[in-house]
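Each remark here refers to the structure printed beneath this line.
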Amino acid sequence: MHPAFSIIIFTTLSGLGYGLAGVLGLDLLDPAATATKCAHALALALISVGLLSSAGHLGNPQRAWRAFSQWRSSWLSREGVMSIITFVPLLVSAWASIAEGRYLALPGFLGAVLCAVTVYCTSMIYASLKSVQAWHTPLTPVCYLLFAAAGGFVLASVFAFAGGGNTRVLPLLAIVFLVAAWATKLRWRKRMKDLVPLSTPESATGLGNIGRVRLFERPHVTENYLTREMGFKVARKHAEKLWRIALVAGGVVPAVLLLALAALGGQGTLPVTIASLAALAHWAGVFVERWLFFAEARHSVMNYYGG
Amino acid sequence: MTSLPSLPTPKKLGLVIDLDTCVGCHACVVSCKEWNTGGYGSALSDQDPYGADVSGAWLNRVHSFEVVPEGGEVVGEAGQARIVHFPKSCLHCEDAPCVTVCPTGASYKRSADGIVLVDEDKCIGCGLCAWACPYGAREMDLAAGVMKKCTLCIDRIYNETLEEVDRVPSCVRTCPANARHFGDLGDPNSAVSILVAERGGMDLMPEQGTKPVNKYLPPRPRKSLAESAHTLPLAENTEGAKGFFAWLDGMLDRI
Ligand code: SF4
Ligand code: SF4
Ligand code: SF4
């Protein structure tokens, strides 16, 4: 599948934003601290930029409001509806912290739950597609949720070191979720590699009982929407390299840096800088992971295109 | 509303495509584009239409496949392999995944006749339905930013301003080999249902669970050249000639 920049930005940034908002909703940072107030603002900004970016690939973005109507059947619509609903408790929590330095349990907790639900809806847009076998597994939502949680705790650690909270608990929780996220992703990827294709050129043409089916001529000589959108291919050796880059940047680097910081303890400019680097590395790694999520997934229509 | 009709539709209008007779001429492809670019919805745009990198939205495409039986050789080497031309358009699936994923209600399946359509005024061009269709039957129109798909020529089949013979899809009317048939596959006594029953019509990718309405008729078993050889007239042999030819044969022998 074509790894569209706008969609990768959308899923990675909104994932980070919902993760951070979720952590804030659990009262793990001191609501009166300036750092926590900044964290609220950052979470809302990440979510908003992510959602706006998702509108970037629409053919008619001026009609995007219509996407809230079909929540009964469509995960994309559910995601849209949930993202709007989730803004309500998140804005209340942010207001309470920024204006009054207070934590409100109800909006906080509700916000955290809704963040998780929204990320789940996002992941189900992909996981519900039977036509893309690599995505069609319960492991997909688990990965998305764990990555959002890991990203949230990594970002929350930055603000903890900036004076917002406990500099041991938050980095350690970040490490726990980093390990869980990448371990699950590893399983997800192993499953993808071991897949026996559900559909084949033989089943796609119905000609399997005559013999082996091979594309002789495409219907068109140049690329079309289908081959551009679903025929994206990445060389195996590059994919392996990118996967290792993702794992190191998104998992190993932030975990090691946060572990070192947690061991040393203390707040201040240096720990904040290092924790910020850890967060940036994590985002870059997840960006590559998300790129591969699309680039490596094969769509069943490719059975008609010899790919 | 992008939930599927709750009951099976009373009619299941669709196409039956004969892979035995299709000659791969692409006439249906062109006539489909021609009819639909001026019909339902916005025009079917092309990008860089006269350039080297031309591409555009089409609702029907013909792929060609080579089928090699067990132990067969590749085409051109007089083996058992064969070429099958394979027209592909929307199959108007009963369990259409393209419909349920649509966030706007633009994609829908008509409860009366089962035709799957896109309401272009509602479509935001998100492309999710094209991802959900396992068959690649939907293509985005890049000029209008809306999703395009086969309409089963809804503006022909119910169009009483047309002659009755023309109230079939454009591709069906055009096909010079009569490889495309249109009708109600929900009615077991319709001509298309009988054709499907007689010829062993099949579903594409049944494992995807979409329950396509359109059916494909498999190519008939092929005879090898050697088997057909004895039926070919042999130039030197006049044995068995009757009537005028027997007389002519005798006369010519004599002179
Ligand atoms: S062929 Fe594709 S576009 Fe047509 S109804 Fe089936 S899933 Fe939808
Ligand atoms: S591209 Fe249009 S028809 Fe397809 S899912 Fe999106 S809004 Fe619905
Ligand atoms: S039924 Fe009409 S729209 Fe569909 S493939 Fe045939 S000509 Fe095209």
TODO: Pull up segment B:16-47, narrow it to residues that are out of contact with any helix residue (DSSP H, G or I) (no Cβ under 7 Å at 6 or more places or on another chain) and away from every other protein chain (no Cβ under 14 Å), then point me to the one that is farthest from B:Tyr108 (Cα to Cα).
DONE: B:Thr21
Task: Cβ pairs under 6 Å, 6+ apart, first in segment A:15-32 and of a type in the set (Ser, Thr, Tyr), second open to solvent by less than 10 Å² (accessible area, probe 1.4 Å) and at pLDDT below 95 - done: none
Open item on the list: Cβ-Cβ under 6 Å, sequence separation 6+ or interchain: first residue in segment A:288-304 and within 24 Å of A:Phe147 (Cα to Cα), partner open to solvent by 10 Å² or more (accessible area, probe 1.4 Å). Which pairs?
Closed with: A:Val288/A:Leu242; A:Val288/A:Ile245; A:Trp291/A:Pro3; A:Leu292/A:Leu242; A:Phe294/A:Pro3; A:Ala295/A:Pro3; A:Ala295/A:Phe232; A:Ala295/A:Val234
Open item on the list: Quick check on my filter: what residues within segment B:155-185 are farther than 25 Å from A:Tyr304 by Cβ and either within 16 Å of ligand 2 (Cβ to nearest atom) or surrounded by fewer than 16 Cβ atoms within 10 Å (Cβ to Cβ) (or both)?
Closed with: B:Tyr158, B:Asn159, B:Glu160, B:Thr161, B:Leu162, B:Glu163, B:Glu164, B:Val165, B:Asp166
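Output the residue which, of all residues in segment B:1-32 that are farther than 30 Å from A:Gln70 by Cβ and of a type in the set (D, E, K, R), is most open to solvent (accessible area, probe 1.4 Å). Can you show your working first?
We begin by selecting, within segment B:1-32, every residue farther than 30 Å from A:Gln70 by Cβ; these are B:16-31.
Still in the list and also of a type in the set (D, E, K, R): B:18, B:20.
On the way: B:Asp18: 9, B:Asp20: 51 Å².
Here the residue is B:Asp20.
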- [ ] Run B:Leu59 past the list (1) within 14 Å of chain A (Cβ to nearest Cβ); (2) in contact with a Gly (Cβ under 6 Å, 6 or more places away or on another chain); (3) closer than 18 Å to B:Ser31 by Cα and report the number of the one that doesn't hold.
- [x] (2)
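State whether one or more residues within segment B:117-136 are over 28 Å from A:Ala127 (Cβ atoms) and within 9 Å of ligand 2 (Cβ to nearest atom). Walk me through how you get there before you give the answer.
Of segment B:117-136, the ones over 28 Å from A:Ala127 (Cβ atoms) are B:120-121.
Cutting the leftovers down to within 9 Å of ligand 2 (Cβ to nearest atom) gives us B:120.
The answer is yes, given that some residue of segment B:117-136 is over 28 Å from A:Ala127 (Cβ atoms) and within 9 Å of ligand 2 (Cβ to nearest atom).
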TODO: State whether one or more residues within segment B:53-74 are within 15 Å of ligand 2 (Cβ to nearest atom) and in contact with an Asp or Glu (Cβ under 6 Å, 6 or more places away or on another chain).
DONE: yes
Open item on the list: Looking only at segment B:93-102, count every residue that is open to solvent by 20 Å² or more (accessible area, probe 1.4 Å) and closer than 24 Å to B:Val172 by Cα and tell me the total.
Closed with: 1
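Let's see how each residue does on (1) under 20 Å from the mean Cα position of the chain (by Cα); (2) surrounded by fewer than 20 Cβ atoms within 10 Å (Cβ to Cβ); (3) within 11 Å of chain A (Cβ to nearest Cβ):
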{"site": "B:Leu91", "(1), (2), (3)": "yes, no, no"}
{"site": "B:Thr104", "(1), (2), (3)": "no, no, yes"}
{"site": "B:Gly114", "(1), (2), (3)": "yes, no, no"}
{"site": "B:Glu120", "(1), (2), (3)": "no, yes, yes"}
{"site": "B:Cys129", "(1), (2), (3)": "no, no, yes"}
{"site": "B:Ala143", "(1), (2), (3)": "no, yes, yes"}
TODO: Considering each residue of segment A:71-120, count those that are closer than 21 Å to B:Ala132 by Cα and within 17 Å of the chain's Cα centre (by Cα), and give that number.
DONE: 8
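Just to be sure before I move on: is B:Tyr108 open to solvent by less than 10 Å² (accessible area, probe 1.4 Å), within 15 Å of ligand 2 (Cβ to nearest atom) and in contact (Cβ under 8 Å) with a residue 60 or more places away in the chain in the structure I sent? It would help to see each step written out before you state the result.
Numbers: open to solvent by less than 10 Å² (accessible area, probe 1.4 Å): no; within 15 Å of ligand 2 (Cβ to nearest atom): yes; in contact (Cβ under 8 Å) with a residue 60 or more places away in the chain: yes.
No, not satisfied.
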Task: Residues satisfying the stated conditions in segment A:119-157, i.e. in contact (Cβ under 8 Å) with a residue 24 or more places away in the chain, polar (S, T, N, Q) and within 15 Å of A:Glu79 (Cα to Cα) - done: A:Thr122, A:Ser128
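In segment B:102-132, which residues are in a loop (DSSP other than H, G, I, E, B) and of a type in the set (S, T, N, Q)?
Residues satisfying the conditions are B:Thr104, B:Ser111.
The values are calculated or read from the model by the stated rules, or taken from the named source; none is laboratory data. Since we're looking at a predicted model, the values are computed, not measured. Using ideal geometry, Cβ is built from the backbone for each residue, glycine included, and neighbour counts are taken over all protein chains shown. Protein only, heavy atoms only, side chains kept; ligands, DNA and RNA dropped before computing areas. Shrake-Rupley method; radii C 1.70, N 1.55, O 1.52, S 1.80 Å.
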